[in-house]
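Below is one structure, written out as C-alpha cells; comments come after it.
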Amino acid sequence: MRKCDALLAATGEHRGNRNPDHIFEYTITMQRSFLIFAVAFVALMAGVLLYSAKAPVQKAADEAEQSTSVGQQAPAVVQYPEFTLKNIDGEDVAFSEYAGRHRLLNFWATWCAPCRREIPLLKEFQAEQNDDGLLILGIAVDFPEDVARYAEAAEFNYPILIGQEDAMAVAESSGISFIAMPFTMVVSRDGEYLGAYLGELHRNHLDDIRSILDKLDTGEINTESAKGAIALL
C-alpha cells in the first residue's frame, strides 16, 4: 500500500491531488498502447488465416508436381470410341452396331433448352440421309424415365441411347471436357473420332459436316484434313 501511495504521490495523483493534465496524458498513452496491441493482434491473425488458406493449395500443387515427377500421365485419348449404353427400351446397345456409317453423336438432355431446340433440325437432317448416309445418334445424359417420356412427344427418327456417368465417360475418353450441352462428336465410317462441335447445331454446321465427310469418302481429303476442317466449324 505504501509503494502505491508513493507512486501516486510522484505523479501528483495522491488522494485528491491528482493532476488533470497527468490523467489526460495517461489516458492517451493507454489508448495508444491498446491501439498498437489491437493492430498487432489483427495482423497476427491475418497472417495465420492467410497461411491456413494457402497451405491446402500449396499442398495440392506440391502433390501434383510430385505425381508428375514420378511419371504419372493423363489417360490416353481414345481415337476409336467403343461403348455400350441402354436404349429407350432398356436394352444394351453397342456403338459398334452402327459401324460402317458416318455418325454424329449428339449429347443432349431433356432439361437443356438448346438441346431441345436443335432436335427438330436433327430430325429433318436425318430424314435427308439414305440408308448408307450419315447417322445421328442421340446420347441423352439424363434419367431413363424422363427421356422415355420426352421421346413419346418428340418422335425421334434416329436412335437414342441413355446414360449419365457412362455417357459423360464416352465424351471424356475422346478428350472432351464435359462442361455443357449440347455438343456433337463426329465419328467416321471406320470408327475414328474426327472431332466435335461444342454448342447448339445450326443448319450450316450440319451441311459443312456432311460436305467434309463426303470429301473424305471420295478421297478429296484425308483423315487429318477432315479433322482440321471439323475443328474450324
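The values are calculated or read from the model by the stated rules, or taken from the named source; none is laboratory data. Being a predicted model, the structure only gives us computed values, none of them experimental. All Cβ positions, even for glycine, are placed from backbone atoms using ideal geometry, and neighbour counts span all protein chains on display.
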Filtered residues of the stretch 172-204 (kept if among the aliphatic types (A, V, I, L, M) and farther than 23 Å from residue 120 by Cα): 176, 179, 194
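A quick yes/no check of all residues on (1) over 23 Å from residue 80 (Cα atoms); (2) touching a residue at least 40 places away in the same chain (Cβ under 8 Å); (3) buried (at least 16 other Cβ atoms within 10 Å of the Cβ):
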position: 146; (1), (2), (3): yes, no, no
position: 149; (1), (2), (3): yes, no, no
position: 159; (1), (2), (3): no, yes, yes
position: 165; (1), (2), (3): no, no, no
position: 206; (1), (2), (3): no, yes, yes
position: 213; (1), (2), (3): no, yes, yes
position: 224; (1), (2), (3): no, no, no
Members of the stretch 167-178 that are closer than 15 Å to residue 138 by Cβ and more than 14 Å from the chain's Cα centre (by Cα): 167, 170
Qualifying residue in the stretch 109-126 (condition: buried (at least 19 other Cβ atoms within 10 Å of the Cβ) and modelled with pLDDT under 95): no
Meets criteria (in contact (Cβ under 8 Å) with a residue 12 or more places away in the chain, on the phi > 0 side of the Ramachandran plot and outside any strand (DSSP E or B)) for residue 90: yes
In the stretch 138-171, the residues that are of a type in the set (D, E, K, R), in contact with a Ser or Thr (Cβ under 9 Å, 6 or more places away or on another chain) and in a helix (DSSP H, G or I): 146, 149, 166
Condition met for residue 91 (closer than 24 Å to residue 214 by Cβ and acidic (Asp, Glu)): no
Residue selected from the stretch 193-233 under the condition of a type in the set (Gly, Ala, Ser) and part of a helix (DSSP H, G or I), by the criterion farthest from residue 171 (Cα to Cα): 211
